[in-house]
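Each reported figure results from applying straightforward, stated rules to the coordinates on display, with no laboratory input. Values in this document were obtained by computation on a predicted structure and should not be read as measured data. Neighbour counts are summed over all protein chains in view; Cβ atoms, including those assigned to glycine, are modelled from backbone coordinates with ideal geometry.
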Amino acid sequence: MTEIIKKPVIEYVPDELPVPNWSLLHPDAPLPSYTRNQLEEQCRALAEALGYAKNRAMAADEIMSGQSGQLIVQNMGMEAMNRTLFQKEQPKVNDRAAMFPKGFGRHATEPEWIQQKRALEDETRQKEVDKAARKVTRASKKARKAELEERWKVVCVAHEEAVVNWKAQCEVLKKGGMAAKNLPKKPKRVLKASLVEEGNEDGSDEESDSDDE
């Protein structure tokens, strides 16, 4: 549990940061009665107090940002725990629960009970057959994919060789005085999609694995 929900980290504004002199907000006498020197001193004191307040406000903002991050992490842990508890609290549906609804006993010789049991057995066998069929389908698709990759490698190698031969042929023709516009065109490589379409034409249409996802 301690790994799911992280412990909070409590932080405070550091004591080494000076506290502003808040009494400056309420001067002892009206400002018009101050002399020039007194006003200058008052301005210096206010500027100093404002600097202290700024430093403490910045520290408080950093602490609040960290606390918000902690709340997000803790909420993620709570959601994971709630999902786990919800799954554990859900009743498991099995053959026994289906054959004995609400926990009440039944006569094993009742035609309805026998029919229901046979239906459950047929359903179980069908699930096994479907599972085996999906396994065969996945293996077939994996084999087709590996075959396609091998064919694609062969196509790429053949295309690279064709390009090398084309370049050599063009060099010979250029030396013979042929204009560039009359040179043979560069060999094109077939698209990989065409190999897939060719495989599909052979009856290898891919099937969806959405039932197993």
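Overview of values
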| item | result |
| --- | --- |
| Residue order, fewest to most surrounding Cβ atoms within 10 angstrom, among 190, 129 | 129, 190 |
| Sequence-distant lysines (8 or more away, or on other chains) whose Cα lies within less than 20 Å of residue 135 | 127, 145 |
| Under 14 Å, Cβ to Cβ, from residue 166 - net charge with Lys/Arg +1 and Asp/Glu -1 | +3 |
